[in-house]
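Student: This is the structure, below, for whatever I ask next.
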Amino acid sequence: MARFREPEPGKTGRGCGHGQPEAQEVIHSLVKDSDVVIINYRPGVAEQLGIDYPTLSAINPNIVYCENTAFGKKGPLAKRGGYDIVVQALTGLMAGEAKLDGDVPTYVYPAIGDYATGIQMSNAICAALYHREKTGKGQRIDCTLMGTAMAMQTSQFTWLEMFDDEVIPPMLESPKQARSEMKTFTQQVGVHKMFRPAAAGNIYYRVYQTKDGFIAVGALSMALRIKVMAATGIKDPRFQPDGTFVMAPEGWETRGPELVAEAEALFRTKTTDEWGQRFEQHGVPAGPVFFIEELFDHPQTIANGLQVHVEHPMLGGMKMVGPPFQMSETPLEAQSPSPMLGEHTDEVLAEAGLSSARIEQLRAAGIVL
């Protein structure tokens with residue numbers, strides 16, 4: 001990976017590397033034989049550096065140019081910088097998780113907006129390369145952290161006029177009032193839940209505490225709910241004698257919480273492994289709650305090649321995640337840790353035709369690392 005220095009704040013020169021045109025020339029040379037260019041600056045910076053899409057596509061019309069920004073190239077927030085935590089806050093991901101650090105909301109771990117946007121970019125680039133194979137034409141791709149974060153919440157970012165015209169407008173006013181009264185975030189979440197109450201009696205899709213830990217159960221279909229009852233012995237009065245299921249029978253506001261309490265007490269009588277084996281026997285999706293570090297050397301991790309050992313030039317031996325998917329004709333393997341910034345600058349520039357002496361001149365001038 002070749003690394004170029006970013007422009008100094010306030011610089012408006014057209015050249016890369018602190019406004020120096022030598023870096024721009026190097027990038028233009030690299031683009032001639034490149035398939036994909038990925039840009040991750042605020043809107044307008046690529047134009048300042050002379051590496052915008054019109055410029056690079058004029059050099060190589062077949063280029064696939066993917067630019068990622070925090071909030072998009074248009075609109076009142078376009079020029080703002082945005083890290084994952086900022087986008088989580090603005091798009092509702094943080095509020096939806098309702099995770100607290102003391103009395104204030106905090107970010108969802110890991111950096112879900114960042115990682116998911118990387119996947120979106122990869123998908124879009126693959127699609128553009130396929131289109132190029134069919135048509136011979138390159139193209140520009142624009143991705144945003146904001147767009148990805150909203151797309152992950154499609155079920156919430158849906159306004160059904162038949163139902164929501166009466167619900168969402170007052171819902172939007174209530175948080176404003178709560179904020180003006182300086183209510184705590186927990187209180188604000190409570191106000192929001194008044195309009196989006198959780199279904200009473202949720203015993204099929206949730207996490208339970210067991211005798212020695214926690215287990216997650218995921219049974220959304222009627223067939224799976226029946227299997228949960230068979231595995232646990234729970235009697236759910238919502239199942240009618242004729243085989244139908246009544247979501248909220250009369251008196252369910254009281255009976256629902258009682259059923260949940262019964263289920264919670266039952267799950268605390270056995271260990272996580274015992275419940276896991278029982279659910280496996282009955283075909284119910286379930287699994288323990290782990291911290292990520294507990295997956296080091298886990299037999300499922302090892303069996304699927306999801307842990308590899310590599311040598312880092314500075315940190316020494318390290319375990320890390322292996323390829324998350326495999327391909328029959330082009331099998332994947334971890335060949336090295338992620339490169340350090342500028343680790344392959346010399347090799348990349350040499351491939352572009354620059355001599356060792358020229359590379360050293362660029363490095364001495366502070367243009368490359």
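Student: Going highest first, how would you order 145-156, 83-94, 213-224 by mean Cβ packing within 10 Å?
Tutor: The packing order, highest mean first, is 83-94, 145-156, 213-224.
Student: While we're here: Taking LYS73 as the anchor, which aspartates and glutamates have their alpha carbon closer than 17 Å to its alpha carbon, excluding any fewer than eight residues away along the same chain?
Tutor: Output for LYS73: GLU47, ASP52, ASP142.
Student: Would you mind getting me the FRET efficiency between ALA116 and ALA303? Use the beta-carbon distance for r and R0 = 35 Å, nearest 0.05.
Tutor: 0.85
Student: With θ set to phi - 60° and the Karplus curve 6.51 cos²θ - 1.76 cosθ + 1.60, what are the ³J(HN,Hα) couplings of region 204-210 in order, to the nearest whole Hz, using x for Gly and Pro?
Tutor: Listing the rounded values in order: 10, 9, 5, 10, 10, 7, 10 Hz.
Student: If you count, for each residue, the other Cβ atoms within 10 Å and average over each peptide, how do 295-302, 272-279, 21-28 line up from highest to lowest?
Tutor: Peptide ranking by packing, descending: 21-28, 272-279, 295-302.
Student: When we measure straight from the Cα of LYS270, which aspartates and glutamates land under 17 angstrom away, once same-chain ones fewer than 8 places off are left out?
Tutor: Counting by Cα, and skipping residues close in sequence, LYS270 has these aspartates and glutamates nearby: ASP212, GLU262, GLU280.
Student: Next up: Can you grab the distance from the C-alpha centre of region 140-157 to the C-alpha centre of region 205-232, Å, no decimals?
Tutor: 31
Student: ³J(HN,Hα) across region 307-319 via Karplus (A = 6.51, B = -1.76, C = 1.60, θ = phi - 60°), whole Hz, x for Gly/Pro?
Tutor: After applying 6.51 cos²θ - 1.76 cosθ + 1.60, I find 10, 10, 10, 10, 9, 8, x, 10, 9, x, x, 8, 9 Hz.
Student: Okay, moving on. Which three semi-axes in whole Å describe the equivalent ellipsoid of the chain, each the square root of 5 times a Cα gyration tensor eigenvalue, listed largest first?
Tutor: Value: 50, 28, 20 Å, ordered largest first.
Student: Using a 1.4 Å probe over the heavy atoms of the protein chains, calculate the carbon and sulfur portion of the accessible area of the chain as a whole percent.
Tutor: Exposed carbon and sulfur together represent 57 percent of the surface.
Student: Let me ask you something else. Could you rank SER174, SER328 by how accessible they are, 1.4 Å probe, largest area first?
Tutor: Putting SER174, SER328 in descending order of accessible area: SER328, SER174.
Student: In square angstrom, what is the accessible area per residue of region 143-237 with a 1.4 angstrom probe?
Tutor: 64
Student: Just to be sure I understand: of the beta bridges DSSP finds with both ends in the chain, what percent are antiparallel, rounded to 5?
Tutor: Of those bridges, close to 65 percent are antiparallel.
Student: Express in Å², to the nearest 10, the accessible area of GLU333 obtained by rolling a 1.4 Å probe over the protein heavy atoms while all chains stay in place.
Tutor: 140
Student: Describe numerically, in nm with one decimal, the distance between label points set 7 Å from Cα along Cα→Cβ at THR254 and at ALA350.
Tutor: In this crude label model, THR254 to ALA350 measures out at 8.2 nm.
Student: Find the Rg to Rh ratio for region 243-322, where Rh is the Kirkwood radius over alpha-carbon pairs and Rg uses the same atoms.
Tutor: My calculation puts Rg/Rh at 1.24.
Student: Of LYS74, LYS134, which has the most accessible area and how do the rest follow, probe 1.4 Å?
Tutor: Correct descending sequence by accessible area is LYS74, LYS134.
Student: Now, a different point. Where does the charge balance sit around PRO110 when Lys and Arg score +1, Asp and Glu -1, over other residues with C-beta under 15 Å from its C-beta?
Tutor: -3
Student: Lysines near LYS227 by alpha-carbon distance under 16 Å, same-chain residues fewer than 8 away left out - which ones?
Tutor: LYS235
Student: Report the accessible area of LYS32, computed with a 1.4 Å probe over the heavy atoms of all protein chains in place, in Å² rounded to the nearest 10.
Tutor: 130
Student: Hey, what's the per residue convex hull volume over the C-alpha atoms of region 141-198, in cubic angstrom?
Tutor: Dividing the Cα hull volume of region 141-198 by its residues yields 124 Å³.
Student: Kirkwood hydrodynamic radius, region 95-201, all distinct C-alpha pairs: what's the number in Å?
Tutor: Result for region 95-201, one decimal place: 17.2 Å.
Student: Just to confirm, what accessible area per residue do you get for region 280-336 at 1.4 Å probe, in whole Å²?
Tutor: I get 81 Å² per residue for this part.
Student: Could I ask something else about it? Helix-only estimate, please: 222 nm mean residue ellipticity of the chain, summing -39500 (n - 2.57) across DSSP H runs of length 4 or more and dividing by its residues, to the nearest 500.
Tutor: After summing the helix terms and dividing by residue count, I get -12000 deg cm²/dmol.
Student: Taking a 1.4 Å probe, which of ARG140, ARG132 shows the most accessible area, and what order do the others take after it?
Tutor: ARG140, ARG132
Student: Using a 7 Å offset from the Cα along the Cα-to-Cβ direction at both ARG132 and GLN281, what is the distance between the two label points in nm, to one decimal?
Tutor: So the two model labels end up 5.6 nm from each other.
Student: Hey, another quick one. Between their Cα atoms, which of LYS99/LYS319; LYS32/LYS74; LYS74/LYS99; LYS99/LYS176 are more than 24 Å away from each other?
Tutor: Result: LYS99/LYS319; LYS32/LYS74; LYS74/LYS99 exceed 24 Å.
Student: Here's something else I'd like to know. Explain nothing, just the number: relative contact order of region 60-178, from Cα pairs under 8 Å at least 6 residues apart, as a whole percent.
Tutor: In percent, rounded to a whole number, it is 36.
Student: Take every Cα-Cα distance within region 139-239, group them into 5 Å bins from 0 onward, and report for each bin the whole-number percent of pairs it holds.
Tutor: All Cα pairs, binned at 5 Å, distribute as 2, 9, 12, 13, 14, 15, 14, 11, 7, 3, 1, 0 percent.
Student: Given Cα pairs under 8 Å that are at least 6 residues apart, what percent is the relative contact order of the chain?
Tutor: Averaging sequence separation for qualifying contacts and normalising by length gives 17 percent for the chain.
The values are calculated or read from the model by the stated rules, or taken from the named source; none is laboratory data. For clarity, every value in this text was computed on a predicted model and none was experimentally measured. Virtual Cβ from ideal backbone geometry, glycine too; neighbours counted across all protein chains shown. In case anyone asks, the SASA skips ligands and DNA or RNA and just uses the protein heavy atoms, side chains included. Shrake-Rupley method; radii C 1.70, N 1.55, O 1.52, S 1.80 Å.
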